[in-house]
Amino acid sequence: MSEAIGYELIGDIAVLSAQNPPVNALGLDVRQGLVDGMARAEADGAKAVLIYGEGRTYFAGADIREFGRPPTEPLLPNVCTRIESSPLIVVSALHGTALGGGLEIALGSHYRIAVPSARVGLPEVLIGVMPGAGGSQRLPRLIGVDASVDIITSGRQVGAKEALELGILDRVEDGAPRDIGLAYARELIDSGAERRPISEMRAPKAVDFDALYDVVFKKSRGMIAPATAVRGIQASCELPFVQGMYRERELFMELMASDQRQGMIHAFFSERAVGKLPELKGIKPRDLNAIGVIGGGTMGAGIATAALLSGLSVVMLEMSAEAAEAAKGRIEGNLGGALKRGKLSQAQFEDLTTKALTLSTNYEALSDVDLVIEAVFEDMEVKKKVFTQLDAVCKPGAVLASNTSYLDINEIAACTNRPEDVIGLHFFSPAHVMKLLEVVVADATAPDVVATGFMLGARMRKISVRAGVCDGFIGNRILSTYRTCADHMILDGASPYQIDKALTDFGFAMGPFAVADLAGLDIGWSVRKRKRAEGLDPRARDSSYADKLCEDGHFGQKTGKGYYIYDAGKRAGVPNPDVMPMIASERLVKGITAREFTDEEIVRRYMAAMVNEAAKVVGEGIARRPLDVDVTLLYGYGFPRYRGGPLKWADMVGLPALLADIKTWAEEDDYFWQPAPLLEQLVAEGRTFDDLNKEAAQ
Ligand code: COA
């Protein structure tokens, strides 16, 4: 018998306990153990079988690591059928997260009981597939089409209370899963309860599935799994159970073979791998209870909000009492959002804003905090002044962090007597909402300071990525390159609107010009001015049409006008008619004859620019692994998750073809299109970015 499933006979109840930490994923051993356990229970003359999970959860799903490999018997759908068709009464007792294949095992059982904290769900669409072990056939028979469509196409987790109301669970009770399961099984036997196979229940009532398919497809923004799952649910209404299972399998295998499945699973494992760095193994972070935030503008107030919500006390330092009050107002506004959504009680709101938050205009107030983050104006001299003062007042061992988005942390660290305590913590605005945190490690940063940065990210429930020092770190450096590529395409004939549309069709949450309007056109303008002041390479193509917008006082959404015009109260804008003439006149000055771009070429060039710069970022060690770039773009830049990230996308389209494109385009502009040495090396060796991820994990 497999060790992944324990077996015990308690009177006339056979107990099968999952023992496959950490999450009792349904790998081969577990599936075999369940099949063997059922046979043994029947041979032992038991009347009922109880299935539950040891450790933190019932089965949390199929073993995702097996996806993409040839399936090995016993397959999960057959395990569920084996359980369901047993002549014994089968009870599942749920705790933790009964997800995906886990819930499918529970649905194969005849009765389901759970602890109040348990959650159930069919999150397969979130990893690019759909339920493949009867979930799309059994759940609709149990709770109807509408509720099943909601649960399956959203992949959301359903709490025990709601699951009970929906009829997914039969009972919810406090206690250890084994104890409540045994008591329930006993009661069922004693009351003469019958087996209750869902497959024998009546088919649910059909709806207009073609219309539903269209709605779900549209809502999924390019993701194919949710709409495909609708076809599976349709089969539960229209086909006998066994044929429905075949149809489900067919659809499931289609998705399993898709690039989207590969992309989503890459994203799943990458976001978990991103914080696992060899340099942090065994390193204890420093204590973290109170932090200081310098500067209470949008960014500083967002950081303070995130810190307060994660249980830290915050000293907010501003230049004047009025500025400090304004910062407090912003923080209260942010927390008010959480209050409105019910994430915070009124009492908690009061505590956070009156007790956990302190305002000050005096650096001395920072003498006792464990970590300080400055979010002041992006100017090296200003930052240096701040850090000199911090060096003078902060206690020994305090972490001194800068939220700069591109300045040299080494230079900032050098103006203190404790460069080992200095680090970059680059938040994304709004900082209490955006999930990404770049932890920027300077030359002298101590490992336990890096560990503390990651711990802060984890406490704030952010995805933290390690980055090295360079202009723009991982994300903004790559952004600057693909934005430049977009500007080149505009000079050559594309419009900002065609580019935005081509990229949202590709799956980006927003196109680059809509993003620029949202972030504020003044940001790009100041970067361009800085770069010009530093001296542009004479071979670089510069473009100035966007400067004209800024010179006229149009900074995007905040002024109501940028590439788009925004009517009050509306988030989406309409194209600004002044923009195309500005572009046309720049083309005229530069002697460029506009040419047509296809959407495909736009995407190809934009993505190649992104991948090429990303390969430089990895090659130079700014990002430790390709997956660090992927996660950065997924969480900070609206990259479509179902494509896995730019470097996973590159692997899937093929590195040789991408490099060939870059070399072709280099014939017209060999300054911009300089192939990344790492890309050339991988192509020469016939390897992929993911090979580098795998090597790093060993
Ligand atoms: N298959 C294989 N490994 C899995 C897994 C699965 N279905 N679910 C989780 N794991 C692994 C994680 O990769 C992680 O491994 P690591 O420690 O080596 O990084 C470990 O289990 C713990 O998972 P983690 O996500 O860090 O823990 P958590 O407590 O935050 O969340 C879950 C637990 C189960 C909610 C979450 O992991 C999850 O959503 N898993 C996917 C569930 C799913 O999609 N099931 C459907 C598949 S059919």
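Can you find a residue in region 261-283 that is small (Gly, Ala, Ser) and on the phi > 0 side of the Ramachandran plot?
Within region 261-283, one or more residues are small (Gly, Ala, Ser) and on the phi > 0 side of the Ramachandran plot.
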task = State all residues of region 460-483 that are hydroxyl-bearing (Ser, Thr, Tyr) and either part of a loop (DSSP other than H, G, I, E, B) or at pLDDT 95 or above (or both); if no residue qualifies, say none.
result = Ser464, Thr481, Tyr482
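Picking from Gly121, Gly128, which residue would you name as being in the same structural domain as Ala229 (by TED's automatic domain parsing), touching a residue at least 24 places away in the same chain (Cβ under 8 Å) and more than 19 Å from Ile105 (Cβ to Cβ)?
Criteria check complete, one pass: Gly128.
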query = Taking Ile565, is it within 27 Å of the chain's Cα centre (by Cα) and either buried (at least 19 other Cβ atoms within 10 Å of the Cβ) or in the same structural domain as Ile499 (by TED's automatic domain parsing) (or both)?
reply = no
inquiry  = Any residue in region 385-404 that is buried (at least 24 other Cβ atoms within 10 Å of the Cβ) sitting within a Cβ distance under 8 Å of a residue that is among the basic types (Lys, Arg) and assigned to a helix (DSSP H, G or I)? List the pairs, counting only those 6 or more apart or interchain.
reply    = Ser402/Lys383
key: Within region 396-430, tally of residues that are in contact with a Leu (Cβ under 9 Å, 6 or more places away or on another chain) and among the charged types (D, E, K, R)   = 2
key: Candidates Leu407, Leu425, Leu400 - the one that is outside any helix (DSSP H, G or I), at pLDDT below 95, among the hydrophobic types (A, V, I, L, M, F, W, C) and outside the structural domain of Ala609 (by TED's automatic domain parsing)   = Leu407
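Conditions tested, residue by residue: (1) aliphatic (A, V, I, L, M); (2) closer than 25 Å to Arg221 by Cβ.
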{"site": "Phe597", "(1), (2)": "no, yes"}
{"site": "Ile602", "(1), (2)": "yes, yes"}
{"site": "Lys616", "(1), (2)": "no, no"}
{"site": "Ile622", "(1), (2)": "yes, no"}
{"site": "Tyr635", "(1), (2)": "no, yes"}
{"site": "Gly638", "(1), (2)": "no, yes"}
request  = For Gly244, indicate whether it is away from the ligand (no atom under 13 Å from the Cβ), at pLDDT 95 or above, under 30 Å from Leu692 (Cβ atoms) and part of a helix (DSSP H, G or I).
outcome  = no
message = For the condition within 23 Å of Val91 (Cβ to Cβ) and within 11 Å of the ligand (Cβ to nearest atom), what is the one hit in Gly134, Gly121, Gly108, Gly159?
response = Gly121
inquiry  = Can you pull out every residue in region 255-273 that is more than 10 Å from the ligand (Cβ to nearest atom) and either at pLDDT below 95 or small (Gly, Ala, Ser) (or both)?
reply    = Ala257, Ser258, Gly263, Ala267, Ser270
inquiry  = Just to verify a result, which residue in region 553-565, among those that are assigned to a loop (DSSP other than H, G, I, E, B) and touching a residue at least 24 places away in the same chain (Cβ under 8 Å), is farthest from Ile523 (Cα to Cα)?
reply    = Tyr563
ask   = Of the numbered conditions (1) under 24 Å from the mean Cα position of the chain (by Cα); (2) more than 16 Å from the ligand (Cβ to nearest atom), Pro226 satisfies every one except a single condition; which is it?
value = (2)
Residue check for Arg31: in the same structural domain as Arg196 (by TED's automatic domain parsing), over 32 Å from the mean Cα position of the chain (by Cα) and more than 19 Å from Asp170 (Cα to Cα) = no
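Might you check whether a residue that is in contact (Cβ under 8 Å) with a residue 12 or more places away in the chain and over 25 Å from Val315 (Cα atoms) occurs anywhere in region 411-423?
Looking for residues that are in contact (Cβ under 8 Å) with a residue 12 or more places away in the chain and over 25 Å from Val315 (Cα atoms), one finds at least one in region 411-423, hence yes.
Residue-by-condition table, conditions (1) surrounded by 14 or more Cβ atoms within 10 Å (Cβ to Cβ); (2) at pLDDT 95 or above; (3) touching a helix residue (DSSP H, G or I) at 6+ places or on another chain (Cβ under 8 Å); (4) within 20 Å of Tyr497 (Cβ to Cβ):
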{"position": "Asp537", "(1), (2), (3), (4)": "no, no, no, no"}
{"position": "Ser543", "(1), (2), (3), (4)": "yes, no, yes, yes"}
{"position": "Lys548", "(1), (2), (3), (4)": "yes, no, yes, yes"}
{"position": "Gly556", "(1), (2), (3), (4)": "yes, no, yes, yes"}
{"position": "Pro575", "(1), (2), (3), (4)": "yes, yes, yes, yes"}
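Mind listing just one residue for me: the one in region 308-355 that is among the β-branched types (Val, Ile, Thr) and over 29 Å from the mean Cα position of the chain (by Cα) and, of those, farthest from Val293 (Cα to Cα)?
Thr354
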query = What's the number of the condition Asp210 fails, among (1) closer than 28 Å to Ala257 by Cβ; (2) surrounded by 14 or more Cβ atoms within 10 Å (Cβ to Cβ)?
reply = (2)
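Please tell me if Val115 is assigned by TED's automatic domain parsing to the domain that holds Glu42, of a type in the set (Val, Ile, Thr) and either free of Cβ contacts under 8 Å to residues at least 40 places away in the same chain or away from the ligand (no atom under 15 Å from the Cβ) (or both).
When the stated conditions are applied, Val115 passes them.
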query = Can you pull out the helices (runs of 4 or more DSSP H) entirely within region 107-189 that have at least 1 residues that are more than 23 Å from Glu200 (Cα to Cα) and in contact with a helix residue (DSSP H, G or I) (Cβ under 6 Å, 6 or more places away or on another chain)?
reply = 145-154
note = Those residues of region 274-298 which are within 16 Å of the ligand (Cβ to nearest atom) and either in the same structural domain as Leu352 (by TED's automatic domain parsing) or within 12 Å of Leu627 (Cβ to Cβ) (or both) amount to Val274, Gly275, Lys276, Leu277
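The values are calculated or read from the model by the stated rules, or taken from the named source; none is laboratory data. If you're wondering where the values come from, they're calculated on a predicted model, not measured in any experiment. Neighbour counts are summed over all protein chains in view; Cβ atoms, including those assigned to glycine, are modelled from backbone coordinates with ideal geometry.
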